[in-house]
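Structure first, then comments.
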Amino acid sequence: MKSTARRRSYGAEGAPYAHPSPTTTLERARSAPYLFLLPAVLLFALFFALPIGYAVWLSFRKVKVSGLGLGSGARKEIWAGLENYTDALSDSELLHGTLRVLGYGCIVVPVMLGLALLFALMLDSEKVRLAPVTRLAIFLPYAIPGVVAALLWGFLYLPDVSPFYFVLDRLGMPQPDLLDGGPLFLALSNIAVWGGTGFNMIVIYTSLQAIPAEVYEAAKLDGATPLQIALRIKIPMVSPSLVLTFFFSIIATLQVFNEPTTLKPLTNSVSTTWSPLMKVHRDAFGEGDIYGAAAQAVIIAFATLLLSFGFLRAANRRQKQEAAR
């Protein structure tokens, strides 16, 4: 028995499975990247751009107290202009904290990047053994949170509980106090170097792995030694990675907070204003001056941005000059 039902012709106008027009397909293709970017943009706006904008807004405000400051309307938030910024720039504690951080950075950055480059070159050598295990061992301290690392080293610095001081006492050797005076800079720098060398080493080592093997083979045919290959080929070719790691290290140094804050209960040599960020934290949450703290935070952020931008611009100019030769 033949069916009298008529087949529906797909593709005709009004068909349920008709293909979209080329214009519709093109519009969807153009809007797809923005849909993928939307979650990241929302998170950036909520947790980065909005807090920065609020801090900038607070930095231009202050509280005016009328009378004894009691009762409703006795405290009013008013426009302060640049008053908070002038107070921050003339604050001696903020200046001294900045100088301490600069001295701390002069120790941390060269030592950390020097060790990272040395370890990366050693791991890239053909004669190295157990490279994966060694690479993991060097990188592992970076995976430890900064507060935990500072606590571990803090107890190693304490004479009463440190095994190092016990060994030095048994050997009759002097026992320096690493948490007092000048040695405090070395103690804090050691924590940062121990925790950050592994990350920088991985960045440099990855760049070394990207160098074509033909470059090394040509250098060996010319009679270059491993030391000459490292100094004249490897280091110049990973200079962009060195610039990147130096850039990250500068930012991390200017924002040092965890290490001195964690060691503060263990020694009287670390004040609440040892670093600029520690002073911002004390003023905002210890003294309740969120307006002055906001101005200090904006100044620190602007100084970090200016220093980073200047360094990157100088590095790019140097690379262009070398490429033009």
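The values are calculated or read from the model by the stated rules, or taken from the named source; none is laboratory data. Treat the numbers as computed from the prediction; the structure is a model and nothing was measured. FYI the Cβ positions are ideal-geometry reconstructions off the backbone, even for glycines, and counts take in every protein chain you see. The protein model used for the area step is the full one, side chains on, heavy atoms only, and it has no ligands, DNA or RNA in it. Shrake-Rupley method; radii C 1.70, N 1.55, O 1.52, S 1.80 Å.
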**Prompt:** In the P(r) worked out for segment 89-181, what percent of Cα pairs fall beyond 20 Å?
**Reply:** 64
**Request:** Could you pull out the trypsin sites (Lys or Arg not before Pro) across segment 173-240 that fall in loop regions by DSSP (anything but H, G, I, E, B) with no more than 14 other Cβ atoms inside 10 Å?
**Result:** none
**Message:** Please report the carbon-and-sulfur percent of the accessible area for segment 238-296; probe 1.4 Å, protein heavy atoms only, DNA, RNA and ligands left out.
**Reply:** 60
**Request:** Report the relative contact order of the chain, percent, no decimals, based on alpha-carbon pairs under 8 angstrom and at least 6 residues apart.
**Result:** 24
**Request:** Find which of Leu188, Leu89, Leu140 sits farthest along the positive direction of the dipole of segment 71-193, computed with +1 on the beta-carbon of Lys and Arg, -1 on that of Asp and Glu, about the Cα centre.
**Result:** Leu140
**Asked** Which longest run of the chain has no exposed loop site in it, a site being GluC sites (Glu not before Pro) in a DSSP loop with at most 14 other beta carbons within 10 Å, and the site itself not part of the run?
**Response** 127-286
**Alpha-carbon radius of gyration plus Dmax, which is the widest Cα pair, for the chain in Å** = 29.3, 111
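Using the membrane-span-like helix rule (whole DSSP H runs, Cα extent along the own axis of at least 24 Å, mean Kyte-Doolittle hydropathy at least 1.0), which helices of the chain qualify?
Span-like helices in the chain: 92-123, 183-209.
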**Message:** Under 20 Å between alpha carbons: how many lysine pairs meet that in the chain, if sequence neighbours fewer than 8 apart on the same chain are excluded?
**Reply:** 8
**Item:** Kirkwood Rh (inverse of mean 1/r, distinct Cα pairs), segment 272-325, angstrom
**Value:** 13.1
**Fill in**
Log10 I(q)/I(0) at q = 0.12 Å⁻¹ for segment 23-138, from Debye over equal alpha-carbon scatterers, is -0.91
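Can you work out D for segment 180-325 in µm² s⁻¹ from Stokes-Einstein, where Rh is the Kirkwood radius over C-alpha pairs, the temperature is 37 °C and the viscosity is 0.692 mPa s?
On the way: Rh = 18.6 Å.
It comes out at roughly 176 µm²/s.
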**Request:** Let me know the charge dipole size of segment 181-325 about its Cα centre in debye, to the nearest 20, where only the beta-carbon of Lys, Arg (+1) and Asp, Glu (-1) is charged.
**Result:** 380
